[in-house]
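One structure is given below, encoded as structure tokens.
The values are calculated or read from the model by the stated rules, or taken from the named source; none is laboratory data. All of these numbers come straight from a predicted model, not from anything done at the bench. Positions of Cβ are backbone-derived with ideal geometry, glycine not excepted, and every protein chain shown enters the neighbour counts. Calculation scope for accessible area: heavy atoms of the full protein, side chains included, ligands and nucleic acids excluded. Shrake-Rupley method; radii C 1.70, N 1.55, O 1.52, S 1.80 Å.
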Amino acid sequence: MKTDIILAGVGGQGILSIAAIIGAAAVEKGLYLKQAETHGMSQRGGAVQSHLRISDVPVASDLIPLGAADVILSVEPMESLRYLPYLSSTGWLVTNSTRFDNIPDYPPYAKIEEEIGKLPHSVILDADTIARELGNPRGSNMVMLGAATPFIQFTEVEITRAIAFIFNRKGEDVVEANIKAFLAGFSHSARILHPDK
């Protein structure tokens, strides 16, 4: 079992929390995990990316080779395009549709959507709106984690348990709100994978 994941977005969008939850799930399952240094976290609004490599055998390098990522999980649509050269031919791009206009020449969303539409496997969802409708406006990263989970070889239960572990110190209400956001994203992708259910 091997899963290579690239997390992408901008500073302040909760990439570290996503990485911590996936890491906790991997450790709980007795898997090996390597994470490359994340870039841009210190600057809110700056580009962020992280490589996560999970395997049932020791992982030699923390960097994912070009064309080898199983999943690109992006909390910002344009940032998802930066890492397409890393995506394998069978890999999935899972991205939020909500723009974060952090540069003066940000391209029109229609252009971004067109590029994503060329991929054989992609999921685009408005995680910000879903999180707001659940009463958890800061939970869009958990919605995105949920949407990516069907493609990262962890079960719904394994990730829910990891969310509870990571957010436990913040109290039961925070844990429940984040699990609810996660489940909304998970349901979105499950409907895409199994439209007849």
Seminar exercise, completed: Reported set for region 46-69 where residues are buried (at least 20 other Cβ atoms within 10 Å of the Cβ) and not in a loop (DSSP other than H, G, I, E, B) is VAL48, GLN49, SER50, HIS51, LEU52, ARG53, ILE54, ALA69
For this session: Keeping to region 126-153, report how many residues are under 13 Å from the mean Cα position of the chain (by Cα), of a type in the set (A, V, I, L, M) and either surrounded by fewer than 17 Cβ atoms within 10 Å (Cβ to Cβ) or modelled with pLDDT of 95 or more (or both).
Result: 7
For this session: Could you check, for region 72-85, whether at least one of its residues is open to solvent by 30 Å² or more (accessible area, probe 1.4 Å) and touching a residue at least 40 places away in the same chain (Cβ under 8 Å)?
Result: yes
Problem set entry | Filter result for ARG161 (charged (D, E, K, R), at pLDDT 95 or above and surrounded by fewer than 19 Cβ atoms within 10 Å (Cβ to Cβ)) | yes
Problem set entry | Residue count for region 102-153, restricted to those that are of a type in the set (Ser, Thr, Tyr) and under 19 Å from LYS180 (Cα atoms) | 3
For this session: With the condition kept exactly as written, say whether any residue in region 88-100 is in a strand (DSSP E or B), modelled with pLDDT of 95 or more, open to solvent by 30 Å² or more (accessible area, probe 1.4 Å) and farther than 21 Å from ALA162 by Cβ.
Result: yes
Problem set entry | Test: residue in region 164-172 that is touching a residue at least 40 places away in the same chain (Cβ under 8 Å), small (Gly, Ala, Ser), over 23 Å from MET1 (Cα atoms) and open to solvent by less than 30 Å² (accessible area, probe 1.4 Å) | no
